[in-house]
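The values are calculated or read from the model by the stated rules, or taken from the named source; none is laboratory data. Computed from a prediction, not measured in an experiment: that's the story for all the values here. Cβ placement follows ideal geometry from the backbone for every residue including glycine, while neighbour counts extend to all protein chains displayed.
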Amino acid sequence: MSYQDYDAADFAADASFQSWVQRTDEAAARFWEQFAAAHPEKREALREAQMMVRSLRFHTITVDPADMDAVKAAIDGALDAEDRKKTGGSRSVGCSLEQRRQQR
């Protein structure tokens, strides 16, 4: 769908538009300023969409790579333990997750 066909909800859901409203992307800012100037008929929809985006709370979560490694190790350990139960103690060394799923 073309931006010319967007309503306020469509604009508010657009990642580039959100970046413009939140002032996190200079290229998006240039685009949307130009778009707004070229399409005065969209002024009200843009204003409403800006209010929608500003009313949302965006959260960025940063995950420590060591925490991700620990979670992966725990998952791998649980899968290995399940494999050992099913195979009577032999282990599926070097199997991919997909191979493990197929064995089940």
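What single numbered condition from (1) modelled with pLDDT of 90 or more; (2) surrounded by 10 or more Cβ atoms within 10 Å (Cβ to Cβ) fails to hold for residue 84?
(1)
For the stretch 39-56, state whether one or more residues are small (Gly, Ala, Ser), surrounded by 10 or more Cβ atoms within 10 Å (Cβ to Cβ) and in contact with an Asp or Glu (Cβ under 6 Å, 6 or more places away or on another chain).
yes
Residue 101: under 30 Å from residue 2 (Cβ atoms), assigned to a helix (DSSP H, G or I) and modelled with pLDDT under 95, yes or no?
No; evaluated as a whole, the condition is false for this residue.
Any residue in the stretch 41-65 that's in contact (Cβ under 8 Å) with a residue 12 or more places away in the chain and of a type outside the set (Val, Ile, Thr): show its pairings with residues that are surrounded by fewer than 17 Cβ atoms within 10 Å (Cβ to Cβ) and assigned to a loop (DSSP other than H, G, I, E, B) at Cβ separation under 6 Å, as long as the two are six or more apart or on different chains.
45/7
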